[in-house]
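Enquirer: Input: one structure, supplied below.
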Number of protein chains: 2
Amino acid sequence: MTDQTHQLRGQRPTSLFTDHYELTMLQAALRSGAAHRRSVFEVFTRRLPEGRRYGVLAGTGRLLEGLADFRFADDELAFLDRQGVVDDTTLAWLADFRFSGNIYGYAEGEAYFPQSPVLQVESSFAEACILETYILSILNYDSAVASAASRMTSAAGDRACVEMGSRRINEEAAVAAARAAIIAGFTATSNLEAGIRYGIPTLGTAAHSFTLLHDSERDAFQAQVDALGADTTLLVDTYEVEQGVRTAVAVAGRALRNVRLDSGDLVEQAHWVRQLLDELGNQDTGIMVTSDLDEFAIAYLKSAPVNTYGVGTRLVTGSAAPTASMVYKLVSRQNDDGEWIDVAKASTGKASYGGRKHAARRLNAHGFATAELVGVNQPPATDANDRALMHEFVRDGQIVSGWTGPEAVTRAAQRHRDSLAELPNVVRRLQPGEAALSTFVDGMG
Amino acid sequence: MTDQTHQLRGQRPTSLFTDHYELTMLQAALRSGAAHRRSVFEVFTRRLPEGRRYGVLAGTGRLLEGLADFRFADDELAFLDRQGVVDDTTLAWLADFRFSGNIYGYAEGEAYFPQSPVLQVESSFAEACILETYILSILNYDSAVASAASRMTSAAGDRACVEMGSRRINEEAAVAAARAAIIAGFTATSNLEAGIRYGIPTLGTAAHSFTLLHDSERDAFQAQVDALGADTTLLVDTYEVEQGVRTAVAVAGRALRNVRLDSGDLVEQAHWVRQLLDELGNQDTGIMVTSDLDEFAIAYLKSAPVNTYGVGTRLVTGSAAPTASMVYKLVSRQNDDGEWIDVAKASTGKASYGGRKHAARRLNAHGFATAELVGVNQPPATDANDRALMHEFVRDGQIVSGWTGPEAVTRAAQRHRDSLAELPNVVRRLQPGEAALSTFVDGMG
């Protein structure tokens, strides 16, 4: 691993974010000798969540950052030994483990479809096997959030979406969710850890408790404006909204940035609050709405004079699809003669294609995407306009620069914008439907 | 914080798992002087997830463990200063922060209902305010998983449920999910980090990739048995199940612990696989099923000769309820004369009750629960059989022993069993319905 790897603050060893069976399979494969067979594993999903038109890949940067800390040090080895998880031969192998293979895949922020080979790990079976759980945990959660977030920012159009869901999901998942939301077009997060770790802009308003702490709503607003300036967001629905707005304007004056509405009929309120703000001379004060918003509520609120959406629960839980259902499958491996053998499970109802994949997005003369092309063991036949989708992230264990750290988040957000701009207009519809692009695997569709 | 606090391995500072506004509210309250007003915040949910009869509290031990590391050290302070999140006065206050208040609440593993005061924080407003996001992140996710897990173990009856969902959710959330599952009656997890951190039993089987890596299914089974012994679980559906079972028995013999089925019609397969195993002389070999199980699938599979359920996606995503929807509300605070003032938001459709809560479960003469009693500013009127629900977790900043570490997980699992045994039989029904117990807040119901 090179020193280009972004150093996460306080990163712990990541090697035990791993299922027990990855290490017992390693032990059995070391014993049979097959552990050293060169292998290709691929991450893909067989289907998008019900009714979704596309998915958005996120998490690749995080997993590359964590790869450097995927190490079995004394504590981990002692635990595995004490619990009898694996034998001494395997412990010795783990003690020396450094990922030395290659990793390829779609850029973070890229749209994906069923069978898109979003990540590909090429190494010995042993090295690729033990990364499975860690890779899937990251890509499944981060992509679930990014995919939901993308529909929300798409529904919001040029209005800002702010990520505020930390309190509804595991504390570390919340940091990953903030990062994924930014990739998919959110402008800021409430999560401070995401700020320190990834340089993501953070912001906040105030809670009802802050108003209730003070002897009156006016006292609370005055305290907030005294401390934070008039260019702040006042929460106006603790008692009675009309009086709340009037008090907010009386205290903060014209410079008041936003009022926040967090309950009731937001469309109806936003209309008359906008009118009231205008009458009071606060044409430049915006309206921020929160309260269990999702992409459908955001779309519905497009008819109301809202400036900013604060999105929480439904974002960090993937808006009914809390995991991206990605799997990690062995698709090819060498035999003892060093020949590559394509492999796939012969399972009922679980479509898998053996063989190493290549992928491109078919673009027409106007630059619009028309299909997802997946080639097996060779690049798909492409036209001049088509765009290759696989990038190199790790070569011989060395992380390629540009794919980790705050820089990766910025790049991924740009990739998300560019990728969506290419897709058919149907992706901006929230109604359930089929994937926006059909995936053609070696021409089989 | 006392040295009784369980030391989490490699724990990072937890203080920035916090929303931006907690710290700006702190700044404003420090400036207004209200920050020092003694306050009571409570965690509760206004409703259970759609159709659920009860919830199961989990996460309290984790948050007590993390409280010791809720510190603002140089890195955190420098970040907050650099980003201009708060002013110098607030930074100085944060640098000295140690939680010095009291925390009370329901025991981990306890069943809860709407308005149950599952956690209560009593301290200055300042101290309680900044803990909000961290507390809610933990309790909302862990309780969502425990609540789903409880329905699964209830449906499984005396058959074992094993947690195998790590790959479907954020890598740290996966560890919390394993812990919550064990509290709600799961017998083991696949997650090694949960093993090292909480002493939870781990186990594993094998993946299709392991079979595909080898030149034949027989080679793969032989490799696994050579390395792990015949007392192992062989995955028999990579190619053709009947042949897989025959090969598994041929290789492992009578000592084969389990065969695992991961696809197809599990009920139908389990019946004939059981028959085949018996015919082959393997009466003691069990059948483990996996493949997107949830509480409904588990209940359906009760008619089949299954021994162990491996549960993944639906467990770690809360089986359609990925967050417990708990909120953290200021319910009482002192005024400048030191008098307690009950407070609550006057909001549309968001029921809150001001005042500090006390809680007991009403039990009849047979020890069965009949109601959730919540008293406001005084204990509810109780009968001799009733059971008080609030425990002391932190007194004057010192963590009370017994509520953290591996010990807390074991105690919580026992509490879960005891709590469920008291509840009406309706909790064991999976059909949607009302909460199994009505909550009476000061007799208001």
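Quick grid of which residues meet (1) in contact with a strand residue (DSSP E or B) (Cβ under 7 Å, 6 or more places away or on another chain); (2) closer than 16 Å to B:Ala412 by Cα:
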{"position": "B:Tyr134", "(1), (2)": "no, no"}
{"position": "B:Asn140", "(1), (2)": "yes, no"}
{"position": "B:Ala148", "(1), (2)": "no, yes"}
{"position": "B:Thr153", "(1), (2)": "yes, yes"}
{"position": "B:Ala160", "(1), (2)": "yes, no"}
{"position": "B:Arg179", "(1), (2)": "no, yes"}
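Enquirer: Looking at the stretch B:281-295 only, could you name the residues that are modelled with pLDDT of 95 or more, charged (D, E, K, R) and open to solvent by 60 Å² or more (accessible area, probe 1.4 Å)?
Expert: B:Asp284
Enquirer: Let me ask you something else. For the subset of the stretch B:295-336 comprising residues that are more than 30 Å from B:Glu172 (Cα to Cα) and within 11 Å of chain A (Cβ to nearest Cβ), which member is farthest from the chain's Cα centre (by Cα)? First the steps, then the outcome.
Expert: Filtering the stretch B:295-336 for residues more than 30 Å from B:Glu172 (Cα to Cα) gives B:300-306, B:331-336.
If we keep only those that are within 11 Å of chain A (Cβ to nearest Cβ) too, we end up with B:331-336.
Details: B:Val331: 25, B:Ser332: 28, B:Arg333: 30, B:Gln334: 33, B:Asn335: 36, B:Asp336: 39 Å.
If we take residues in the stretch B:295-336 being more than 30 Å from B:Glu172 (Cα to Cα) and within 11 Å of chain A (Cβ to nearest Cβ), then B:Asp336 is farthest from the chain's Cα centre (by Cα).
Enquirer: Would you point out the residue of the stretch A:254-309, among those that are in contact with a Ser or Thr (Cβ under 7 Å, 6 or more places away or on another chain) and of a type in the set (S, T, N, Q), that is farthest from A:Ala156 (Cα to Cα)?
Expert: Taking the stretch A:254-309 as the starting set, the residues that turn out to be in contact with a Ser or Thr (Cβ under 7 Å, 6 or more places away or on another chain) are A:256-260, A:262-264, A:266-267, A:277, A:286, A:288, A:291-292, A:294-295.
With the extra rule that they be of a type in the set (S, T, N, Q), the set shrinks to A:258, A:263, A:291.
On the way: A:Asn258: 17, A:Ser263: 19, A:Ser291: 15 Å.
Filtering the stretch A:254-309 for residues that are in contact with a Ser or Thr (Cβ under 7 Å, 6 or more places away or on another chain) and of a type in the set (S, T, N, Q), the one farthest from A:Ala156 (Cα to Cα) comes out as A:Ser263.
Enquirer: Please count how many residues of the stretch A:205-218 are in a helix (DSSP H, G or I) and more than 10 Å from chain B (Cβ to nearest Cβ). Show your work before the answer.
Expert: Keep residues of the stretch A:205-218 that are in a helix (DSSP H, G or I), which gives A:208-213, A:217-218.
Next cut, more than 10 Å from chain B (Cβ to nearest Cβ) only: A:217-218.
Selection size over the stretch A:205-218: 2.
Enquirer: Among the residues of the stretch A:143-165, are any facing chain B (nearest Cβ under 7 Å), open to solvent by less than 20 Å² (accessible area, probe 1.4 Å), of a type in the set (D, E, K, R) and within 16 Å of the chain's Cα centre (by Cα)?
Expert: No, there is no match, as no residue in the stretch A:143-165 is facing chain B (nearest Cβ under 7 Å), open to solvent by less than 20 Å² (accessible area, probe 1.4 Å), of a type in the set (D, E, K, R) and within 16 Å of the chain's Cα centre (by Cα).
Enquirer: Checking B:Val316 against (1) closer than 30 Å to B:Ala252 by Cα; (2) crowded, with 21+ Cβ neighbours inside 10 Å, which test does it fail?
Expert: Looking at each condition in turn, B:Val316 falls short on (1).
Enquirer: Can you tell me which residue in the stretch A:101-137 is nearest to A:Phe72 (Cα to Cα), limited to those that are under 26 Å from the mean Cα position of the chain (by Cα) and among the polar types (S, T, N, Q)?
Expert: Across the stretch A:101-137, the extreme among qualifying residues is A:Thr133.
Enquirer: Then there is this: Which one is surrounded by the fewest Cβ atoms within 10 Å (Cβ to Cβ) among residues in the stretch A:22-38 that are at the interface with chain B (Cβ under 7 Å from one of its Cβ atoms) and within 32 Å of the chain's Cα centre (by Cα)?
Expert: Only one residue fits best here, namely A:Thr24.
Enquirer: Check B:Glu42, B:Glu127 and return the single one that is open to solvent by 10 Å² or more (accessible area, probe 1.4 Å), at pLDDT 95 or above and either part of a helix (DSSP H, G or I) or not β-branched (Val, Ile, Thr) (or both).
Expert: Just a single option satisfies the conditions, and that option is B:Glu127.
Enquirer: Out of A:Phe221, A:Phe186, I need the residue that is part of a helix (DSSP H, G or I), surrounded by 24 or more Cβ atoms within 10 Å (Cβ to Cβ), aromatic (Phe, Trp, Tyr) and touching a residue at least 24 places away in the same chain (Cβ under 8 Å). Which one? Lay out the reasoning, then the answer.
Expert: Details: A:Phe186 fails: part of a helix (DSSP H, G or I).
It is A:Phe221.
Enquirer: Restricting the stretch B:319-344 to residues that are surrounded by fewer than 20 Cβ atoms within 10 Å (Cβ to Cβ) and among the aliphatic types (A, V, I, L, M), which is farthest from B:Leu139 (Cα to Cα)?
Expert: Step by step, filter the stretch B:319-344, then rank; the result is B:Ile341.
Residues are listed down the side, and each one gets a yes or a no for (1) over 22 Å from A:Ser291 (Cα atoms); (2) open to solvent by 10 Å² or more (accessible area, probe 1.4 Å); (3) hydroxyl-bearing (Ser, Thr, Tyr); (4) at pLDDT 95 or above:
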site: A:Ala178; (1), (2), (3), (4): no, no, no, yes
site: A:Val249; (1), (2), (3), (4): yes, yes, no, yes
site: A:Leu256; (1), (2), (3), (4): no, no, no, yes
site: A:Trp272; (1), (2), (3), (4): no, yes, no, yes
site: A:Glu279; (1), (2), (3), (4): yes, yes, no, yes
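Enquirer: In addition: Go through the stretch A:76-121 and give me each residue that's open to solvent by 10 Å² or more (accessible area, probe 1.4 Å), assigned to a strand (DSSP E or B) and of a type in the set (Phe, Trp, Tyr).
Expert: Scanning the stretch A:76-121 gives a single hit, A:Tyr104.
Enquirer: Something else now. Tally the residues that are away from chain B (no Cβ under 11 Å) and buried (at least 17 other Cβ atoms within 10 Å of the Cβ), restricting the search to the stretch A:235-245.
Expert: 2
The values are calculated or read from the model by the stated rules, or taken from the named source; none is laboratory data. In this text the structure is predicted, and so the values were computed from the model without any measurement. As a convention, Cβ positions derive from the backbone with ideal geometry for all residues, glycine included, and neighbour counts pool all protein chains shown. With ligands, DNA and RNA removed, areas are computed over all heavy atoms of the protein, side chains included. Shrake-Rupley method; radii C 1.70, N 1.55, O 1.52, S 1.80 Å.
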